[in-house]
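Working notes, beginning with the structure itself.
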Amino acid sequence: MYIVLIGPPGAGKGTQSQHITEYLGIPHLSTGEMLREAIAQRTPTGRHAEPYISRGDLVPDPVVVEIVGERLQQPDCARGALFDGYPRTEGQAESLSEFLEQRGKQLDVAIEIAVDDEELLRRIVGRARTASRPRTDDTPEKFANRLRRFHEETSPLLAYYEERGLLERIDGIGSPDEVWRHTKQAIDARLQD
Ligand code: ADP
């Protein structure tokens with residue numbers, strides 16, 4: 001199964017990703033993690049991406065499309081993958097569907113983890129207070145910018161996937177286990193199709 005996970009920063013995509021990849025035995029492709037790894041390794045991609053990430057802006061499509069394309073060539077992605085935080089723009093979505101099509105595959109479902117802004121802001125304040133080594137883009141100001149980017153650039157993807165009959169909307173408010181129960185139901189329904 002090829003699954004896209006969409007949600008604003010702080011929605012709990014990381015936790016749901018762990019459940020999904022374990023449940024389906026598919027690799028977890030988090031572009032945020034790949035980019036942070038590239039920065040830590042000081043690769044050319046990392047150096048290019050760093051200023052965007054540290055502002056909370058989106059990294060330009062060609063950079064992200066390339067690292068995902070490379071990762072998707074690995075044999076463990078031949079039967080499925082979970083895309084966490086990718087695509088984030090319509091350009092990325094088009095490029096993903098082309099990539100899969102060229103290989104005779106297709107996206108099975110786009111799962112939206114929906115959490116309203118008020119709750120997200122509450123969560124980020126809590127996270128900043130308790131984390132011992134917070135991510136450099138997790139300050140309230142940068143978080144606010146990431147949230148704005150989500151609304152401006154990524155949320156149009158919800159309509160994009162809805163039009164294609166691929167969208168499943170999950171209420172992201174509740175305990176992580178509760179959210180997982182709903183996510184699993186949505187996946188099981190698609191597995192039966
Ligand atoms: P979050 O969902 O909490 O913002 P991520 O780890 O998914 O966290 O992303 C962190 C940052 O990495 C983003 O703010 C952005 O700068 C960059 N990034 C991650 N994925 C993408 C993507 N698909 N397109 C552009 N930039 C991305």
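Throughout, read-outs are computed from the coordinates displayed, never taken from laboratory work. Please read these numbers as outputs of a predicted model, since none were measured by experiment. Quick reminder, even Gly has a Cβ in these numbers, built from the backbone with ideal geometry, and neighbours come from all protein chains shown.
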For this session: For the range 1-134, compute Rh as the Kirkwood radius over C-alpha pairs and then the Stokes-Einstein diffusion coefficient at 10 °C and 1.306 mPa s; write the answer in µm²/s, rounded to an integer.
Result: 100
For this session: Would you list, by chain and number, the lysines whose Cα falls below 29 Å from the Cα of K105, excluding same-chain residues fewer than 8 positions away?
Result: K13, K184
For this session: Go through L96, Q73, V125 and say which Cα lies farthest out towards the positive end of the charge dipole of the range 69-142; charges sit on Cβ, +1 for Lys and Arg, -1 for Asp and Glu.
Result: V125
For this session: Would you please give the residues with an amide H less than 5 Å from that of A81, counting only those at least 5 places away or on a separate chain, with H modeled from the backbone geometry?
Result: Y2, I3
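How much length is gained on full extension from R122 to E33, taking 0.36 nm per residue of separation minus their Cα-Cα distance? Each step should come with its number before you reach the end.
On the way: separation 89, 0.36 × 89 = 32.04 nm, distance 2.36 nm.
That pair, R122 and E33, stretches by 29.7 nm at full extension.
With the contact rule set at Cα under 8 Å and sequence spacing of 6 or more, what percent relative contact order holds for the range 66-193? Kindly include the intermediate steps, with their values, before the conclusion.
Working: 78 pairs, mean separation 41.0, N = 128.
After rounding, I find 32 percent.
Subtract the Cα-Cα distance of H48 and Y23 from 0.36 nm times their separation in residues, and report this length gain in nm to one decimal.
So the extension gain works out to 5.5 nm.
How much length, in nm to one decimal, is gained on full extension between A78 and E94, taken as 0.36 nm per residue of separation minus their Cα-Cα distance? Write down the numbers at each step before the final one.
Details: separation 16, 0.36 × 16 = 5.76 nm, distance 1.93 nm.
Extending this stretch completely gives an extra 3.8 nm.
Would you compute, from DSSP H runs of 4+ residues alone, the mean residue ellipticity of the chain at 222 nm, taking -39500 (n - 2.57) per run and dividing by the full residue count, rounded to the nearest 500?
Numbers: 9 runs with 108 residues, N = 193.
Estimated from H runs of four or more residues: -17500 deg cm²/dmol.
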Problem set entry | Backbone HN-Hα couplings from phi across the range 120-129 [Karplus 6.51/-1.76/1.60, Hz, Gly and Pro as x] | 4, 5, 4, 5, 5, 4, x, 5, 5, 6
Exercise. Karplus couplings for the range 44-51 from phi (6.51 cos²θ - 1.76 cosθ + 1.60, θ = phi - 60°), rounded to Hz, Gly and Pro as x?
Worked result: x, 4, x, 5, 5, 7, 3, x
Exercise. Near the amide H of L167, under 5 Å away, which other amide H atoms are found, from residues 5 or more places off or on another chain, if H is placed in the peptide plane?
Worked result: A110, E162
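Magnitude of the Cβ-charge dipole of the chain, K/R +1 and D/E -1, about the Cα centre, nearest 20 debye?
Working: 25 positive and 33 negative charges, 149 e Å.
For this selection, approximately 720 debye.
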